[in-house]
Structure formats: C-alpha cells, structure tokens
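Right, one structure below, let's go through it.
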Amino acid sequence: MKAFLEKFTGRARDGTSSKFAGLDQLRRQVAALYGLLADLYGTDKLVLRAGKLEALQLMRSERLEEKVLALQKLVFEDPTYDTLPAVEDIPGILEEVEEEIADSIARRTVEDQLEKKIGEKLQQRHEEYVREIKMQVIKETAGPENAQTLKKLAVLEKLEQRKLSTSALEFLRPASFDEIVGQERAVKALLAKLASPYPQHIILYGPPGVGKTTAARLALEEAKRAGGTPFSKEAAFVEVNGATLRWDPREVTNPLLGSVHDPIYQGARRDLAESGVPEPKLGLVTEAHGGVLFIDEIGEMDPILQNKLLKVLEDKRVFFESSYYDPSDPNIPQYIKKLFEEGAPADFILIGATTREPEEINPAIRSRCAEIFFEPLTPSAVQKIIRQAAAKLQVEMDQAVPEVISEYTIEGRKAVNILADAYGLACYRREKQGGGARITLQDVLEVVQISRLSPYVTRKGSARREVGKIFGLGVMGFLGSVLEIEAVAFPARNAGQGSIRFNDTAGSMAKDSVFNAASVIRKLTGEDLANYDLHINVVGGGRIDGPSAGAAIFIAVLSAIQGRPVPQDIAVTGEISIQGKVRAVGGVFEKIYGARQAGLRTVLIPAENEKDVPADIKGIRIIPVDSVEEMISHVFPPAEVDLLIS
C-alpha cells in the first residue's frame with residue numbers, strides 16, 4: 001500500500017526527506033492525497049465530511065499550509081487541529097497522513113471482502129432453504145417416489161421374473177415320510193410326541209444328512225391333519241440355525257426373542273423417535289406362536305441366549321423393557337402399550353436338532369424336551385436313497401452305482417449330491433455325443449476323483465484268520481468306528497525281563513487295559529508276560545478315550561503269545577476287570593452300526609449292555625458275554641479253547 005501511495009504522491013522510494021523536493025512537489029503530493037480521499041469516500045461525502053470538521057474553507061484555500069491543515073482534519077477526523085503547519089514540517093505530516101490513509105484503505109478492503117463472503121453465505125443458505133421447501137412440497141404432492149426409486153423398482157421387478165431351476169437338493173428332498181430312509185423308529189417317535197393332544201418340546205440327535213430337518217417339517221404337516229392336536233392349518237414352521245443367531249446384551253437387537261428400538265437408536269420409526277416413544281420389535285418366537293420353532297444346531301447357540309429361551313418356554317410370552325417407556329405418555333400407540341404391559345405371545349413347540357452329544361446340550365433345555373436319536377445310515381439305506389433319487393430324476397444308472405456311492409459317504413444329503421454331480425456329467429455327455437442320459441460307474445468315479453473323496457470304511461471284515469489281530473470298536477460323535485488292534489510277542493532274551501510297548505497316543509486308560517489283560521492272562525493260562533517282549537499297536541494311531549478296548553487288547557495279546565489265529569469277521573468291545581469280568585461300556589448302539597458298515601458278521605458285547613442292542617438289527621450277530629472265558633469260547637474254536645486256558 002505504501003508503494004501504491006508513493007506512485008501517486010511522487011515521494012522518493014529511499015525515504016529521504018521531501019524538503020528537497022520543492023513546493024511544487026508538495027502541492028502535487030497534497031493534490032494526490034485529496035484525490036485518494038475523494039475516491040475513498042466519494043466527492044459528495046468528502047464535502048460533507050469537510051463541513052462537519054470545519055475544514056471546507058481550508059480545503060479550498062490556495063495556501064499549501066491551509067490545505068495540509070484541512071487534510072489533517074479530514075484524515076484524522078479531529079476538528080481541534082487549528083495550527084497551521086510550517087512548510088518544513090509538511091513532509092512529515094504528509095507521511096503520517098499517508099499511513100492513516102493506507103490503514104483506511106486496508107480496512108475498507110477487508111470490510112468489502114467480509115461483506116462479499118457474508119453475502120455469498122446468505123445467498124447459499126437462502127438457496128438451500130428454498131430447495132428444502134421445494135423438496136417438502138414435492139414429497140407432499142408426489143409421495144416418496146422419484147425417477148431413481150422407480151427405476152430401481154423396475155430393475156427389481158425384472159430380476160424377479162428371471163428364475164433358474166430348483167437345486168438338486170431341493171428337488172430331491174423327501175416329500176413324505178416314506179422317502180425318509182433308515183429312520184423308521186425315529187420318525188415314529190417324532191410323530192408320537194408331536195401329533196398328539198399334548199405335544200412336547202423335542203431335541204433330535206444324529207449325524208448330519210440323515211433327515212432330521214425334513215422329518216420335523218413333515219411331522220408338523222402330519223400333526224395339522226391329525227385329529228385332536230392343537231395345531232391349526234395356519235400353524236407356522238419357523239426354521240433358524242442356532243449357529244447364526246446373534247444378539248446384543250443391551251437388547252438393541254435379538255432376532256430370536258425380539259428387541260426394543262429406543263428413540264436414540266437408528267432403526268426406530270421416525271414419528272416414534274421424534275416423540276420419544278420406544279418400539280418393540282417381535283422375534284421368531286412370536287412368529288412361531290401356535291406352531292413349531294425349529295432350531296438347527298441348537299447346541300451352537302450362545303449359552304445366555306439359551307437361558308433366555310428357557311424363560312420364554314416357561315412363560316409362553318416375551319416381555320419387553322425400556323427406560324424410555326412412560327405408561328402415562330398419551331402419545332404411545334395402543335399396540336406398544338399392550339406389548340410393554342402384557343408382553344407378546346410365544347406359545348410354540350420347540351424342536352431342536354444337533355450333531356453334538358447329549359452331554360454337551362444345556363441340561364435345563366434337555367429336561368424340558370423329549371429326546372429322539374436318528375440313526376447313522378447303513379450302506380443299504382444309502383443305496384436305497386440313491387435309487388429313490390434316480391427315480392425322481394427319471395434317469396437310468398449302472399447297477400453298481402448305488403453300491404459305489406455308499407462306500408464314500410454315510411450321509412443321505414452327500415449321497416444325493418454325488419448322484420446329482422454324476423447326473424450332470426451324464427447330461428454333458430449327452431449334449432456332446434447325443435443319445436440318452438445314463439449315469440455310469442465312470443461318471444461316479446470321476447465325481448469322486450474331482451471331489452477328492454475317500455472311502456468312508458477302509459477296513460472290512462473277511463473270512464480269514466490271523467494271529468494277534470482283532471477288531472475293536474469305538475465311537476466318534478454319533479458314528480461307530482472299527483479299531484484294528486494288533487499284537488506281536490517274542491520270547492525275552494532274559495526270562496522275566498521282557499518289555500511291553502504300546503502306542504503313546506492311545507491314551508492312559510488303554511495302557512491300563514494292557515496291564516489288566518496281562519493279569520487276566522496269567523490267571524487263566526499261567527503265562528507271565530514278563531517273559532515276552534510284547535508290542536501292541538492300534539493301526540492308524542487313534543486315541544482311545546476309555547477302557548472299552550480292553551477286551552480287544554486281551555484277545556490280541558492272548559492270540560499273539562500262544563499263536564492262535566483270530567477270525568477277521570468278528571469284533572469285541574468291553575472293559576476287562578482283573579477278575580476276568582467283561583464290564584459295560586458306552587456307545588454300544590453306534591458301535592454295532594459301525595461294525596455292520598465294516599462288513600463284520602459278529603460283535604461280542606458285555607452282557608450288561610444287552611439292553612442297548614436294537615431290537616430290529618439285521619445283518620449282524622450280537623453275542624452278549626459276561627466273562628473272558630465266555631468271550632474266548634466265541635472267538636476260538638472249542639478244541640483250541642481248552643488248550644488256551646490249560
């Protein structure tokens with residue numbers, strides 16, 4: 001700004017005193033300053049300003065001193081200036097005047113800029129306000145729709161018209177109880193507990209893919225048709241997976257039981273939020289009111305959520321709470337007041353399904369539910385499912401296809417998937433080569449290879465006899481398995497200094513069974529195992545969590561030290577006491593099915609477990625035994641038994 005003034009006043013840039021410039025130079029400088037004031041205030045306002053400050057006559061004077069005095073009055077707005085300045089003082093006075101004018105121009109520039117910005121902001125706010133008013137008018141007159149929302153609606157409706165065929169699993173899903181294979185007893189028990197005047201809560205146990213969910217859905221339809229049941233034709237079957245149920249401890253969200261959307265939370269209705277009214281949201285238990293709530297994988301539910309579900313089962317209602325609820329508030333709708341004061345109805349039958357062991361399920365839930373066990377599918381049952389699915393697909397297949405598929409799975413769902421994949425290959429071949437679609441054995445083997453499947457049962461019984469080898473039985477989940485136990489004995493280098501070696505991974509209880517077997521063998525035969533270097537092995541290195549392999553270890557060791565062959569179509573299970581008794585063990589039901597799948601013909605079980613044998617078991621012989629002598633008589637020929645224990 002100072003440079004700007006110097007340009008118009010003609011002052012030297014080096015700041016030297018103007019006393020050397022002469023009077024003409026000072027007059028031009030004063031005239032330039034008056035010109036700046038006229039531009040700054042305007043000519044008319046400058047004259048008025050001079051009149052108020054008693055400087056009008058001085059400003060019009062021809063004398064330089066009077067013009068400078070008037071300039072002082074105008075610039076500093078002080079009428080008390082009345083002393084004419086000396087000529088030698090004028091340059092200094094003009095410098096002060098210049099500084100003050102520069103400050104005034106700077107202030108005026110800043111004020112103009114602020115006024116401009118304020119004007120722009122006011123204009124922007126005004127335009128936004130007008131725009132909001134227009135949008136409100138449009139919404140009131142045209143509703144919530146606009147060009148974009150209508151376009152998206154059209155896209156959705158177009159997508160709805162585009163459908164693919166149903167999946168293979170959906171198409172081949174059993175539509176009646178006759179199509180559920182291998183679960184006759186479980187289906188009968190399910191209908192007895194559901195299709196009655198007093199239906200019970202139920203938990204279904206069993207391996208995956210055996211028909212638990214389908215059976216529950218069909219059971220409700222059967223119960224609707226049966227007379228005397230409380231289910232109406234509109235009774236709902238609400239299905240949910242317990243592993244996916246999530247909830248918030250603050251009860252902001254709980255899809256199972258219901259929750260409350262308080263006004264401060266996103267998701268509350270706008271009209272209720274503005275009036276401060278909480279809104280309850282009903283859950284699946286209310287949706288299932290009067291029908292069935294089916295929770296798959298109920299054992300995977302959050303423990304706290306399970307306890308909350310127990311409360312609903314007891315009360316048959318769901319109650320809501322909120323610190324925002326004021327019963328005296330006149331703005332609360334009647335349905336919200338009813339939900340808070342009386343709760344929501346939740347009278348339903350709970351059917352839970354799980355692949356877990358019963359001991360892993362909440363005891364309080366178990367005590368309120370009847371328990372039904374679905375059985376593992378046998379190879380013959382899997383083969384029947386395959387033939388049934390092929391009939392639905394209306395496709396022919398090689399005779400060996402069902403048997404081959406049954407070797408790779410014990411799940412009905414998985415078996416149907418393999419068949420559907422093979423059917424897809426057959427259809428692909430038909431398109432390429434022509435002819436009809438027929439599922440061949442090669443199609444199945446190709447599916448097996450692509451899916452990296454391996455035979456489910458790798459050890460099968462045979463008619464041969466081997467020394468020191470026998471099949472034991474184990475349980476994993478709901479499935480029985482065959483344990484291949486073998487033993488070999490060598491005379492010790494020094495009598496009485498033999499060693500016994502056993503799998504480190506088998507478990508401490510299995511090792512204890514070895515010492516029990518040694519005591520019983522010495523008692524029966526007089527043989528001291530200390531005279532042998534004995535090696536006992538569980539093929540595959542499996543862990544044995546329990547004493548149930550004691551009987552199999554006893555037979556394997558006895559066969560090894562005396563060289564007596566054991567039939568390879570027989571399996572034994574049971575705990576051996578040091579008194580030679582065969583004690584009861586768990587999982588006998590599953591073990592028998594596992595032995596039958598492995599192609600074994602005979603299973604020896606403790607006599608105490610005889611009650612656990614299925615009454616309608618076929619294809620395998622079950623022999624209860626009470627002692628090791630009785631067990632030996634069934635494993636070895638009679639002529640050899642006398643030699644073994646002599």
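Assign one of three labels to the range 33-109, namely rounded, prolate or oblate, based on the Cα gyration tensor with a ≥ b ≥ c the square roots of its eigenvalues; rounded applies when a/c is under 1.5, prolate when it is not and a/b is larger than b/c, and oblate otherwise.
The shape class here is oblate.
How large is ³J(HN,Hα), in whole Hz, for each residue of the range 607-623 in order, when computed from phi with the Karplus curve 6.51 cos²θ - 1.76 cosθ + 1.60 and θ = phi - 60°, using x for Gly and Pro?
4, 5, 9, 4, 5, 8, 7, x, 5, 9, 5, 10, x, 7, 9, 10, 10
If R0 is 22 Å, what FRET efficiency do you get for V87 and Q57 from their C-beta distance, rounded to 0.05?
The value I calculate is 0.65.
Past the 20 Å Cα-Cα mark, which pairs from K193/K618; K281/K338; K392/K618; K281/K308; K224/K311?
The pairs that break the limit, which is 20 Å between Cα atoms, are K193/K618; K392/K618; K224/K311.
Once every DSSP H run of n ≥ 4 in the chain is given -39500 (n - 2.57) and the sum is divided by its residues, what mean residue ellipticity at 222 nm do you get, rounded to the nearest 500 deg cm²/dmol?
-14500 deg cm²/dmol
Lysine pairs in the range 31-116 with alpha-carbon atoms under 18 Å apart, 8 or more places apart or on different chains: how many are there?
The result is 4.
Any idea what Rg and Dmax come out to for the chain if you just take the C-alpha atoms, in Å?
48.8, 158
Between Q161 and E431, what is the FRET efficiency for a Förster distance of 30 Å, r being their Cβ-Cβ separation, to the nearest 0.05?
0.65
So in the chain, what percent of DSSP beta bridges are antiparallel if you round to the nearest 5?
Counting only bridges with both partners in the chain, antiparallel ones make up about 45 percent.
Scan the chain and note any complete DSSP helix (H) whose C-alpha atoms cover at least 30 Å along its axis and whose Kyte-Doolittle average is -1.0 or more.
The answer, listed by residue number, is 90-142, 412-433.
Taking a ≥ b ≥ c as the square roots of the eigenvalues of the Cα gyration tensor of the range 335-489, is the shape rounded (a/c under 1.5), prolate (a/b larger than b/c) or oblate?
oblate
Please give, to one decimal in nm, the separation of the simple spin-label points placed at D616 and Q136, each 7 Å out from Cα toward the Cβ.
With each label placed 7 Å out from Cα toward Cβ, I get 7.4 nm.
What distance in nm lies between label points placed 7 Å from Cα along the C-beta direction at E403 and L310?
5.2 nm
For S104 paired with Q394, estimate the spin-label separation in nm (one decimal), with each label point 7 Å from Cα along the Cα-to-Cβ line.
Roughly 10.4 nm, to one decimal.
Sorted by mean Cβ packing within 10 Å, highest first, what order do the peptides 586-598, 107-119 take?
Highest-to-lowest ranking by the protection proxy: 586-598, 107-119.
Amide H neighbours of L483 under 5 Å, counting only residues 5+ apart in sequence or on other chains, H built in-plane at 1.01 Å?
Long-range HN contacts for L483: G472, L473, G474.
Order these peptides, 355-361, 550-556, by their mean beta-carbon neighbour count within 10 angstrom, highest first.
Sorting 355-361, 550-556 by mean packing, highest first, produces 550-556, 355-361.
FYI, it's all coordinate maths here, none of it is from the lab. Just so you know, these numbers come straight off a predicted model, no measurement behind them. Cβ atoms come from the backbone with ideal geometry, glycine included; neighbour counts cover every protein chain shown.
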